[in-house]
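The block underneath contains the structure these notes are about, expressed in structure tokens.
The values are calculated or read from the model by the stated rules, or taken from the named source; none is laboratory data. In this text, all values refer to a predicted model and were calculated from it rather than measured experimentally. Please note: Cβ atoms are built from the backbone with ideal geometry, for glycine as well, and neighbour counts cover all protein chains shown. The protein model used for the area step is the full one, side chains on, heavy atoms only, and it has no ligands, DNA or RNA in it. Shrake-Rupley method; radii C 1.70, N 1.55, O 1.52, S 1.80 Å.
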Amino acid sequence: MVKDIIKGVNSRLNAKKEKYNLISHKKGWLKFLADGNLGFMPGDLHRILREVINEFPPNGNKLLHQRKRYNFTVTVEKKAYRPEEALERFITTSNSGKFYNQVPIGGKKESVDIGIEENESKFVFVELKPWTSTNSPLYAIVESLKNLIEYRIIHENGITHHKDCKHYENINLIILAPQSYYQDYGLTEEAQDKISKVEKALNDLSREFRTNISLMALTLKEENFLDKLGKICEEQKVEKLQSISITKKDAISELARGKWKLLVSSEMK
């Protein structure tokens, strides 16, 4: 789905053909940080998202199911088979209250990584990236906006979804990743010129999509995460590729929401 959207956005670029995909590739993101040009208008992205999602509408009897998953796969080397999946499970375990993960949004395996109910009318979609990822922050933003439009289309079109899910008036978006992920993509608190370019882009997108978008960083270092995971694997006697489950006793304090660091956000609240 995201690939279809990106293809649609890039096919409408007015600029000359680039050697790399603006949204998908790191060079495209770095070019944006240099000149501040997204390469597309927010309104065009909005239209393309709706066109693609209406062509391939969300489906499945568990859409918007607010669930919690605590199991994930580890390898014989006592490492996460999919680091993003393991990190997501630890974040959910490390936060109390209405934190959910893998909330089905499009059908099949298309889900919101983490969902947070803030109150009866406000919900947050969190798009998570691990320490290392080939998906740029711009790619993550487009993923989040896709999820937002899918959510709205589910309610606008009366698409069947899980019976326990409320209709939230406000959906806000967070891109969440370790600090090293942002550093790898040239974005740090000290780079104020780059932060300003991202803030302007977030403001433009927020006005178009009527949402708040934030980029937030985790302070947990990968080596500390791996050390924690290794100890849990030892406790659970992992000796092969297998699924394990974690509980509240395995919570990591650095992953609590109060420890997330705001890197940049749109002004819309």
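Tabulated results
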{"read-out": "Helix 222-235 vs. the chain, principal-axis angle (Cα, 0 to 90°, nearest 10)", "value": "40 degrees"}
{"read-out": "Extended-chain gain in nm, criterion 0.36 nm per residue less alpha-carbon gap, VAL76 and THR132", "value": "18.1 nm"}
{"read-out": "Neighbour net charge for ASN147 - beta-carbon separation under 11 angstrom, K R +1, D E -1", "value": "-3"}
{"read-out": "Accessible surface, the chain, averaged per residue in Å² (probe 1.4 Å)", "value": "49 Å²"}
{"read-out": "Rough spin-label spacing in nm, given labels placed 7 Å along Cα→Cβ, for LYS62 and LYS98", "value": "2.1 nm"}
{"read-out": "In degrees, nearest ten, helix 26-35 long axis to first principal axis of the chain (Cα)", "value": "50 degrees"}
{"read-out": "Formal net charge of residues neighbouring LYS240 (Cβ-Cβ distance under 15 Å; K, R +1; D, E -1)", "value": "0"}
{"read-out": "Mean residue ellipticity (222 nm) of the chain, computed from DSSP H runs ≥ 4 via -39,500 (n - 2.57), nearest 500", "value": "-12000 deg cm²/dmol"}
{"read-out": "J(HN,Hα) series, region 41-51, from Karplus relation 6.51 cos²θ - 1.76 cosθ + 1.60, nearest Hz, glycine and proline x", "value": "8, x, x, 5, 4, 4, 5, 5, 4, 5, 4"}
{"read-out": "Folded to 0 to 90 degrees: helix 192-209 orientation relative to the chain principal axis, Cα", "value": "80 degrees"}
{"read-out": "Accessible carbon and sulfur surface of region 89-149 relative to its total accessible area, %, 1.4 Å", "value": "46 percent"}
{"read-out": "Gain on full stretching of the segment that runs from LYS109 to ASP35 - 0.36 nm per residue minus C-alpha separation", "value": "23.1 nm"}
